[in-house]
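Written out below as C-alpha cells is the structure these notes cover.
The values are calculated or read from the model by the stated rules, or taken from the named source; none is laboratory data. Here the structure is a predicted model, which is why all the values come from computation and not from measurement. Positions of Cβ are backbone-derived with ideal geometry, glycine not excepted, and every protein chain shown enters the neighbour counts. For accessibility, only protein heavy atoms count, side chains too; no ligands or nucleic acids. Shrake-Rupley method; radii C 1.70, N 1.55, O 1.52, S 1.80 Å.
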Amino acid sequence: MQFQQLQYFVAVAETRHFTRAAELVHVAQPSLSQQIKALERELGADLFQRARGNITLTDAGEALLPLARRILADTDTARQEVQELVQLRRGRVRLGATPSLCTGLLPDVLRAFHDRYPGIRLLIEEGGSHDLVRQLARGALDLALVVLPLPTPSPALTTVELLREDLVVVSSPDAPKPGNGRRTVRVPDLEGERLVMFRHGYDLRELTVAACRSAGFEPDFAVEGGEMDAVLGFVRAGLGVAVVPRMVATRSGRGLRVTPLARPGLHRTIALAHRSDVAPPRAARELQRMLLER
C-alpha cells in the first residue's frame, strides 16, 4: 500500500468521479485508475462500485476511507513538524518595536535568541504603535511590541501584556535639577520646564502631552521632532528635560540625571501583538516565548 494510492482513493471517494479526482491530484486519469486497481489487488477487495455515471463506495471502501484520511492527515502533520524544526535552523523573524524598546528591552532578549538560533535572521522594524499595527495587519511583520491601549483596537490582532514600565524624567547633570531639586518630580512640576519632545505619532509624546494637559497646563517644547537617541542627545546637551521609560534611562544613563516621578507617576503598558487569523512561524513563536519568559 502506497501513500500516493491512498491520496488517489480519497480523491475518488470525495468527488465520486475518476476524471475529476485525477484533475484534483494533478495526474492523468488512466494512471489514477491503475493505482486504484493496484490498491484493490493489494487489499483483496473492491473499493468502489463502478456503474456508468455513478461511483459509490463498497463496504471495504467505507471502512478504508476514515483510516486513509487519518493517515494523510498524520503525514501532513509530520511534514509540518519537520518544517518547523527546520525553521529553527534557518529562516527569519520580522519583529516590530518602538525605538525605546529597541534601546531598552530587546538587546538582551535578541542576544539570547541569536545565541540559541544563530541561523535565524532577525529583521527589526522600528516605529510607533500606529505604524506597527498597520504593518502587522497587512502581513509585513510576524510580531510587534506595541504600547497599550492600541490607537485603534483591532479584532484581527491578538495582544498579550508583557510589562508595565515606569516613566522617569531625564535631564543634564549640568542643568538645574527639575522639580526644584526634590528627589522626585510631580507632573505639575514640568510646567516650568522646557521639554525635549518626540516626534508626532510617538507613543511617549502622546502620553506626556496628555499627562501635562490633565495637570492643567500646556507643555513648553524646547526641541521637538526627534527619535529616542536624538532626544537623549539633546537632553545631554542641556536643551531641556524629557520623559522616557526607566529601562531606557537605565541603559542610556551615561551623561544623564534620572529623576523618578512622584506617585502615582506615569506608566506605559507594553504588549506583544500578532495577527489573530495567521499563526506566527515557529521561529517567531520561539522568540515570543522568550520575550514572555524573560
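A few points about this structure:
- Solvent-accessible area assigned to carbon and sulfur over the chain amounts to 49 percent, based on a 1.4 Å probe.
- The separation of the range 27-41 from the range 78-136, counted between C-alpha centres, amounts to 47 Å.
- Among the trypsin sites (Lys or Arg not before Pro) within the range 217-286, those in coil by DSSP and having at most 10 neighbouring Cβ atoms inside 10 Å are Arg254.
- A 1.4 Å probe run over the protein chains yields, for the chain, 53 Å² of accessible area per residue, whole-number rounding.
- List Ile124, Ile36, ordered by accessible area with a 1.4 Å probe, largest first: Ile124, Ile36
- Between amide H atoms placed 1.01 Å from N, distances below 5 Å from Val168 occur with Val244, Arg246, all of them 5 or more places distant or on a separate chain.
- Angle between the chain longest axis and helix 59-87 axis [Cα atoms, degrees, rounded to 10]: 30 degrees
- With every protein chain in place and a 1.4 angstrom probe, the accessible-area ranking of Asp115, Asp166, largest first, reads Asp115, Asp166.
- Cα gyration tensor category, rounded, prolate or oblate, for the chain with a/c compared to 1.5: prolate
- Hz values of 3J(HN,Hα) by residue in the range 157-163 - Karplus curve (6.51, -1.76, 1.60), Gly and Pro given as x: 10, 10, 10, 10, 5, 9, 6
- Whole-number percent relative contact order across the chain, with pairs defined as alpha carbons under 8 Å at least 6 apart: 21 percent
- Taking amide H as placed 1.01 Å from N in the peptide plane, Gly91 has its amide H under 5 Å from the amide H of Arg121, each at least 5 places away in sequence or on another chain.
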